[in-house]
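Take a look at the structure set out below.
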Amino acid sequence: MQPYIERSKTAHPNRSKIQTVYAMASDVDQENQSFYIHEYWSGLSSASLAKADSLKPYTQHYITSITLDSLLSKHALPKERLLFKIDVEGHEEKVMKGMLHSIERCPRMLGFIEFDSKYLAKSGTDADAFLTFLEQRFNVYIYINNQELVRFGRISLTKLQALFKKQNIHTDIILASNDVDIPKIYSQLTLLE
């Protein structure tokens with residue numbers, strides 16, 4: 001994958017400002033972490049592999065894991081604005097726990113994460129505990145479509161299942177620290193209990 005990323009970086013107009021780190025974001029800084037690469041589609045590669053997935057064309061690799069805290073430790077976060085996007089096929093909780101110190105230090109954060117209840121279960125993440133973890137640190141908005149966000153008084157997997165009218169939930173979540181206003185680009189913001 002490294003050659004493809006470097007090729008994309010070379011073509012980017014801001015390439016001189018892009019720092020590439022080849023490691024797996026997680027909740028620990030550690031060598032030799034398992035990572036499973038899907039042979040045909042990189043979007044299915046994951047740090048977690050369920051038994052059912054073992055029949056699919058995956059190759060296990062051992063790579064270094066890092067925390068986002070270790071990457072951001074050199075920055076004056078109290079004076080910065082931080083925008084992040086996390087889409088790691090069910091490994092989101094570990095990535096978020098690996099940036100706890102940064103979350104506490106940076107008053108202006110806006111993040112986008114993927115929430116997929118099947119992928120979270122596959123990685124051993126309790127979806128309700130993860131939602132509570134997010135809600136304790138951010139204002140949590142559920143992305144419905146291009147024009148609508150929903151914010152619950154208290155979020156849970158059951159409430160998301162009722163909102164989307166299905167058992168397995170796959171959606172994007174917007175996380176905003178208290179000092180960040182969600183831009184007024186959404187025509188509708190719904191508050192639900």
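The values are calculated or read from the model by the stated rules, or taken from the named source; none is laboratory data. None of the values given here were measured: they were computed from a predicted structure. So basically every Cβ, Gly included, is an ideal-geometry build from the backbone, and we count neighbours across all protein chains shown. Protein only, heavy atoms only, side chains kept; ligands, DNA and RNA dropped before computing areas. Shrake-Rupley method; radii C 1.70, N 1.55, O 1.52, S 1.80 Å.
If we keep just the residues of segment 33-49 that are among the small types (Gly, Ala, Ser) and surrounded by 14 or more Cβ atoms within 10 Å (Cβ to Cβ), which is modelled with the highest pLDDT?
Once the filter is applied, the top-ranked residue is 34.
Search segment 12-24 for residues that are without any contact (Cβ under 8 Å) to a residue 60 or more places away in the chain and pair each with any residue that is among the polar types (S, T, N, Q) and loosely packed, with under 11 Cβ neighbours inside 10 Å when their beta-carbon atoms are under 9 Å apart and the residues are at least 6 apart or on different chains.
20/2; 22/2
Just give me the residues in segment 121-137 being among the acidic types (Asp, Glu) and outside any loop (DSSP other than H, G, I, E, B), in sequence order.
Residues satisfying the conditions are 128, 135.
Out of curiosity, is residue 56 in contact with a helix residue (DSSP H, G or I) (Cβ under 6 Å, 6 or more places away or on another chain) and over 30 Å from residue 140 (Cα atoms)?
no
With respect to residue 166, is the statement that it is basic (Lys, Arg), over 17 Å from the mean Cα position of the chain (by Cα) and modelled with pLDDT of 95 or more true?
Spelling it out, residue 166 is indeed basic (Lys, Arg), over 17 Å from the mean Cα position of the chain (by Cα) and modelled with pLDDT of 95 or more.
Out of (1) acidic (Asp, Glu); (2) free of Cβ contacts under 8 Å to residues at least 24 places away in the same chain; (3) open to solvent by 70 Å² or more (accessible area, probe 1.4 Å), the odd one out for residue 80 is which?
Status for residue 80: all satisfied but (2).
Being part of a strand (DSSP E or B), within 19 Å of residue 26 (Cβ to Cβ), open to solvent by 40 Å² or more (accessible area, probe 1.4 Å) and touching a Phe, Trp or Tyr at 6+ places or on another chain (Cβ under 8 Å), is that true of even one residue in segment 138-157?
Checked against the condition, which is being part of a strand (DSSP E or B), within 19 Å of residue 26 (Cβ to Cβ), open to solvent by 40 Å² or more (accessible area, probe 1.4 Å) and touching a Phe, Trp or Tyr at 6+ places or on another chain (Cβ under 8 Å), segment 138-157 yields no hits at all.
Going by the conditions given, is residue 4 open to solvent by 100 Å² or more (accessible area, probe 1.4 Å) and part of a strand (DSSP E or B)?
Criteria not met by residue 4.
Which pairs turn up if I take residues in segment 170-193 that are at pLDDT below 90 and look for partners that are assigned to a strand (DSSP E or B) and open to solvent by 70 Å² or more (accessible area, probe 1.4 Å) with beta carbon separation below 7 Å, at least 6 apart in sequence or on another chain?
The qualifying pairs are 179/108; 180/108; 189/151; 191/151.
Looking at segment 101-125, which of its residues are farther than 24 Å from residue 74 by Cα, open to solvent by 40 Å² or more (accessible area, probe 1.4 Å) and not aliphatic (A, V, I, L, M)?
Matches in segment 101-125: 118, 119, 122, 124.
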